[in-house]
Amino acid sequence: MSATPRLQSARLLLEPLDAAHADECYGAFADASLWELMDGSRPASPAELRATFGRLAAGCPRPAERWLNWIARERAHGTPVGWHQATVVGEHADIAWVTFAAHQRHGYAREGATAVFDWLASIGVREVVAQSDLRNAGSRATALALGFEPDPETIVADLHGEATVDQVYRLRWHATG
């Protein structure tokens, strides 16, 4: 499969994730508030984040599965504002978005996700799935604003040793042409 493409929107440039992004983005990823409602844990150092980014940028070892990761930058100033992910298998993609704390509530998650959707549709993806902790009001609002439909059932999960409930959201569109 080909590499992760560079995407853009009115205010954002989505750059394919690279290990070199770690030094610039470490402060945002080390922010404890970022991980309160997100699986995983804060990176202990820029070197640890660099190794993680390197693994993600290398892509999935399974030939039928494609890992795509982007750092979202403000086009005007080049400031990193978030991270977008998509795992693509055939016509299906699981996606996630993260907006760094200092840049939340400016519509960057919705704008970046829309750029990702447009590109996913162009390569034949017809269903996109997102998942969010029910306590994450911002992520839930973004999913609904993007047109996702919540599944009727939720998923009981474990987040940092605490029982939580996740909502699954689906967005489907039909092939054109």
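The values are calculated or read from the model by the stated rules, or taken from the named source; none is laboratory data. This is a predicted model, so every value here is computed, not measured. Virtual Cβ from ideal backbone geometry, glycine too; neighbours counted across all protein chains shown.
Couple of notes before you dig in:
- No other residue among A109, A86 is modelled with pLDDT of 95 or more, within 26 Å of E65 (Cβ to Cβ), out of contact with any Asp or Glu (no Cβ under 8 Å at 6 or more places or on another chain) and not acidic (D, E) apart from A109.
- Qualifying residue in segment 68-77 (condition: in a loop (DSSP other than H, G, I, E, B) and closer than 12 Å to E24 by Cα): no
- Filter pass, A102 being within 28 Å of A145 (Cβ to Cβ), surrounded by fewer than 21 Cβ atoms within 10 Å (Cβ to Cβ) and either without any contact (Cβ under 8 Å) to a residue 24 or more places away in the chain or not aromatic (F, W, Y) (or both): yes
- Of the listed requirements (1) part of a strand (DSSP E or B); (2) free of Cβ contacts under 8 Å to residues at least 60 places away in the same chain; (3) of a type outside the set (K, R); (4) more than 22 Å from D166 (Cβ to Cβ), V81 misses just one: (2).
Residues checked against (1) of a type in the set (D, E); (2) assigned to a strand (DSSP E or B); (3) free of Cβ contacts under 8 Å to residues at least 40 places away in the same chain; (4) farther than 18 Å from R6 by Cβ:
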{"residue": "A96", "(1), (2), (3), (4)": "no, yes, yes, yes"}
{"residue": "R110", "(1), (2), (3), (4)": "no, no, yes, yes"}
{"residue": "V165", "(1), (2), (3), (4)": "no, yes, yes, yes"}
{"residue": "V168", "(1), (2), (3), (4)": "no, yes, yes, yes"}
{"residue": "H174", "(1), (2), (3), (4)": "no, no, no, yes"}
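- Tabulated pairs, segment 58-73, first under 17 Å from W97 (Cβ atoms), second acidic (D, E), C-beta under 9 angstrom, 6+ apart or interchain: W70/E15; I71/E15; I71/D18; I71/E24; A72/E15; A72/E111; R73/E15
- Note on segment 128-157: among residues that are in a strand (DSSP E or B) and aliphatic (A, V, I, L, M), the one that is nearest to V98 (Cα to Cα) is A130.
- Selection status of T79, surrounded by 19 or more Cβ atoms within 10 Å (Cβ to Cβ) and β-branched (V, I, T): no
- Selection within segment 10-53 - assigned to a helix (DSSP H, G or I) and of a type in the set (K, R): R50
- Residues of segment 21-52 satisfying the condition of being over 15 Å from T79 (Cα atoms), modelled with pLDDT under 95, among the hydrophobic types (A, V, I, L, M, F, W, C) and surrounded by 14 or more Cβ atoms within 10 Å (Cβ to Cβ): A30, L34, W35, L37, M38
- The set of residues in segment 156-177 being exposed (fewer than 12 other Cβ atoms within 10 Å of the Cβ) and among the hydrophobic types (A, V, I, L, M, F, W, C) consists of V156, A163, A175.
- Every condition in (1) touching a Ser or Thr at 6+ places or on another chain (Cβ under 8 Å); (2) in a loop (DSSP other than H, G, I, E, B); (3) crowded, with 18+ Cβ neighbours inside 10 Å; (4) not aromatic (F, W, Y) holds for V125 except the one numbered (1).
- Test result for R170, among the charged types (D, E, K, R) and in contact with an Asp or Glu (Cβ under 7 Å, 6 or more places away or on another chain): yes
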